[in-house]
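The values are calculated or read from the model by the stated rules, or taken from the named source; none is laboratory data. Worth saying up front: this structure is predicted, and the values here are computed from it rather than measured. Because the Cβ atoms are built from the backbone with ideal geometry, glycine has one as well, and the counts that use them run over all protein chains shown.
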Amino acid sequence: MSSGTPGWRDVDTTSDLIEQAGRRLERSARELARSPEAIAEAREALLVITATSARLARQLDGLASACKQPNTTEPSAVHVALDQAAAAAEDLGNCTKVAAQAIYDGE
């Protein structure tokens, strides 16, 4: 892997950020009925997940590219799995962006 290619440590750090934001989102979801501040907290957590999901997608794409095997007709299982994981991370970011916007529009 080249020095510009993200490594597994980068992916692990990014996934930790998503996990932390997910916990914030869970806490604020429990408080929504009792606290207007929880709505703002939920939106902020969704925006963090949006940004970190985009970063995770880029990191996984980089890892997938690094796992490409030249001169082969079929991509390796690792490459396919990383590529699919990158697409899922991108989808997550798109969904959380829409959810954050819906909260904003509803306020």
Inset, instruction - Note down all Cβ pairs under 8 Å where the first residue falls in region 80-106 and is surrounded by 14 or more Cβ atoms within 10 Å (Cβ to Cβ), the second is among the basic types (Lys, Arg), and they're at least six residues apart or on different chains. - result: Ala86/Arg58; Ala100/Arg43; Ile103/Arg43
Legend entry - Of all residues making up region 57-78, the number that are part of a helix (DSSP H, G or I) and within 25 Å of Leu17 (Cβ to Cβ): 11
Inset, instruction - Sort out which residues of region 82-107 are under 16 Å from Ala51 (Cβ atoms) and among the polar types (S, T, N, Q), and write them in order of number. - result: Asn94, Thr96, Gln101
Inset, instruction - All but one of (1) modelled with pLDDT of 90 or more; (2) among the polar types (S, T, N, Q); (3) farther than 20 Å from His79 by Cβ hold for Gln59, so report the exception by its number. - result: (3)
